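This report concerns only the one structure given below.
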């Protein structure tokens with residue numbers, strides 16, 4: 001039986017990543033779900049969002065592809081609003097994690113006066129800005145944009161003026177121009193294990209709850225899920241973002257930044273099954289599958305089978 005709550009959207013952009021190929025991840029996952037006869041959501045009738053490359057687009061070492069990303073993300077944001085207007089929960093397969101800025105901005109545009117909580121299941125914190133980034137890759141920046149904070153006091157970079165301007169646009173993404181969209185206390189990390197010094201300082205400063213591998217092993221997945229929900233109990237709605245690199249690197253091969261000591265498949269199934277059932281769920285995202293990096297275990301196959309378990 002189909003789960004009518006969800007409306008499937010593919011966001012096929014990898015302009016925020018350091019390695020190309022994740023743009024093909026959403027379609028690879030769709031193809032795998034078709035092979036598995038997945039019927040819980042309509043894998044034949046979905047919204048497909050694909051960016052248009054811009055000629056002579058602005059970029060910089062501290063905000064790579066930022067103009068293309070800026071233009072595309074407004075389209076994504078608007079589509080999330082339209083999906084919510086129709087009464088659906090957006091079920092999103094996205095290329096790289098920079099797209100989450102647009103997705104959650106759409107949620108906040110629709111629920112402007114409501115408090116949004118985020119469960120970020122990821123090896124990485126994605127809290128950098130152009131002022132702090134060591135790589136310039138915008139998939140490491142979505143939460144900073146959503147929090148509306150450059151954290152310049154921790155900065156190592158002086159971005160060029162156009163990058164500063166476009167970064168400010170990303171922070172204010174959406175028709176209402178709301179910033180900040182998230183408070184640090186309304187973010188929960190699960191599986192976090194690869195951060196930079198600046199991100200650790202931000203986590204401490206902003207009061208972000210982070211469940212790392214040692215704590216997960218000590219208290220177990222059930223307690224982590226329960227405490228995550230309790231931590232966000234004052235939020236009106238909850239958005240769940242699952243980066244496939246949250247899985248252990250022995251499983252998650254076809255992704256741009258695999259990290260050891262990650263989640264098992266059973267843990268991931270438990271978390272996603274539990275959070276999918278939340279009555280105030282407002283978005284459910286799978287991101288960072290990169291088929292071009294599959295060398296042993298096709299990532300789309302791993303996640304396709306995982307989703308079958310989650311929805312069953």
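Bear in mind these aren't lab numbers, they're just calculated from the coordinates by the rules spelled out. Because the structure is predicted, anything quoted here is derived from the model rather than measured. No Cβ is skipped: glycine too gets one built from the backbone with ideal geometry, and neighbour counts run over all protein chains shown.
Sort 70-81, 265-276, 136-147 for me by packing, meaning the mean count of neighbouring Cβ atoms within 10 Å per residue, highest on top.
Details: 70-81: 21.4, 265-276: 19.4, 136-147: 28.2.
Those peptides, ordered most packed to least, come out 136-147, 70-81, 265-276.
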query = In whole angstrom, how long is each semi-axis of the equivalent ellipsoid of region 115-202, when you take the square root of 5 times every eigenvalue of its Cα gyration tensor and sort them from largest down?
reply = 20, 18, 10
inquiry  = If a paramagnetic tag sat 7 Å from the Cα of residue 266 along the Cα-Cβ line, which residues of region 220-240 would have the backbone N under 19 Å from that point?
reply    = 220-226
query = For residue 2 and residue 212 in one chain, what is 0.36 nm times their gap in residues minus the Cα-Cα distance, to one decimal in nm?
reply = 72.2 nm
request  = Go through (1) 38, 21, 17; (2) 26, 22, 20; (3) 29, 23, 18 and flag the label whose value is the computed semi-axes √(5λ) of the Cα gyration tensor in Å for this structure.
outcome  = (2)
key: Helix-only mean residue ellipticity at 222 nm for the chain, each DSSP H run of n ≥ 4 adding -39500 (n - 2.57), per residue, nearest 500   = -11500 deg cm²/dmol
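Among rounded, prolate and oblate, which fits region 190-312 when a ≥ b ≥ c are the square roots of the eigenvalues of its C-alpha gyration tensor, a/c under 1.5 means rounded, and a/b larger than b/c means prolate? Write down the numbers at each step before the final one.
Numbers: a/c = 1.73, a/b = 1.22, b/c = 1.42.
In terms of gyration-tensor shape, oblate.
Which of the three applies to region 1-47, rounded, prolate or oblate, going by the alpha-carbon gyration tensor with a ≥ b ≥ c and a/c under 1.5 meaning rounded?
Values: a/c = 3.56, a/b = 1.98, b/c = 1.80.
Taking the square roots of the gyration eigenvalues as a ≥ b ≥ c, region 1-47 is prolate.
With the radius of gyration and the Kirkwood radius both derived from the Cα set of region 1-151, what is their ratio Rg to Rh? Numbers along the way, then the final one.
Details: Rg = 15.7 Å, Rh = 16.2 Å.
So for region 1-151, dividing Rg by the Kirkwood Rh gives 0.97.
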